Amino acid sequence: MEPVPTDDRVRCAWGDSAPEYVTYHDEEWGTPLHGDDALFERLCLEAFQSGLSWITILRKRPAFRAAFAGFRIDAVAAFTADDEARLMADAGIVRNRAKIAAAVRNARAAQEVPEGLSALLWSFAPAAPRPRPATMADVPATTAESTAMAKELKRRGFVFVGPTTAYALMQATGMVDDHVATCFRATRPGAQVGSAAGIRDHG
């Protein structure tokens, strides 16, 4: 395996544990992300991660993007039973029938969101600041906002998005900022309310 890069920057505890995590932590995690297709990709990947390590998803992300037509909502919504069979035969992705079906169903649900998926998801971003977490032990797995997001997504026909998955999505896309106080990416004095230990499986 490629060695983990070493430099003088202090990261969240999980951010140095693998080369893929270094890049993801430094360039993506906690960075505000907008756009319906971009948020749909993250929604799908968080659902596929459920029960697995996030490093598995990161390493398979290029294959996921190829298999799911770049996570373009309209393209995935048009997937047929033949496409789902193709995906089940694709060793490059996580071959879970329920999660594959959920991605297609969620694409169709996203098409029915009048304001657009990005606007809907960002409407749950907390406005009130809170003290930045000092360590990963200071961050919970769910918040009132992620619970509300999951409930609304379920009401609109989305599946495989519970409060924990919703919160991980909020962290990953910068709706909340859970970089710990000592992390070089902790550029603001306070993170927005909420937190789950970095990526959920990095306690």
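Any residue at all in region 68-84 that's within 13 Å of the chain's Cα centre (by Cα), within 20 Å of GLU152 (Cα to Cα) and not charged (D, E, K, R)? Before the answer, list the steps.
Our first condition is that a residue be within 13 Å of the chain's Cα centre (by Cα); within region 68-84, this holds for none.
Taking every residue of region 68-84 in turn, none turns out to be within 13 Å of the chain's Cα centre (by Cα), within 20 Å of GLU152 (Cα to Cα) and not charged (D, E, K, R).
Can you find a residue in region 16-36 that is among the hydrophobic types (A, V, I, L, M, F, W, C), touching a Ser or Thr at 6+ places or on another chain (Cβ under 6 Å) and in contact (Cβ under 8 Å) with a residue 12 or more places away in the chain?
Yes, that holds for at least one residue.
Could you run through region 142-158 and say how many residues are open to solvent by 40 Å² or more (accessible area, probe 1.4 Å) and outside any helix (DSSP H, G or I)?
2
Is it fair to say ALA91 is part of a helix (DSSP H, G or I), hydrophobic (A, V, I, L, M, F, W, C) and out of contact with any His (no Cβ under 6 Å at 6 or more places or on another chain)?
Against the criterion (part of a helix (DSSP H, G or I), hydrophobic (A, V, I, L, M, F, W, C) and out of contact with any His (no Cβ under 6 Å at 6 or more places or on another chain)), ALA91 does not qualify.
Within region 175-186, does at least one residue satisfy the condition of being in a helix (DSSP H, G or I) and either in contact with an Asp or Glu (Cβ under 9 Å, 6 or more places away or on another chain) or at pLDDT 95 or above (or both)?
The answer is no, given that none of the residues of region 175-186 is in a helix (DSSP H, G or I) and either in contact with an Asp or Glu (Cβ under 9 Å, 6 or more places away or on another chain) or at pLDDT 95 or above (or both).
The values are calculated or read from the model by the stated rules, or taken from the named source; none is laboratory data. Remember, predicted model here, so these are calculated numbers, not experimental data. With ideal geometry, Cβ positions are generated from the backbone for all residues, glycine too; neighbour counts draw on all protein chains shown. For the accessible areas, the whole protein counts, side chains as well, though only heavy atoms, and no ligand, DNA or RNA atoms are used. Shrake-Rupley method; radii C 1.70, N 1.55, O 1.52, S 1.80 Å.
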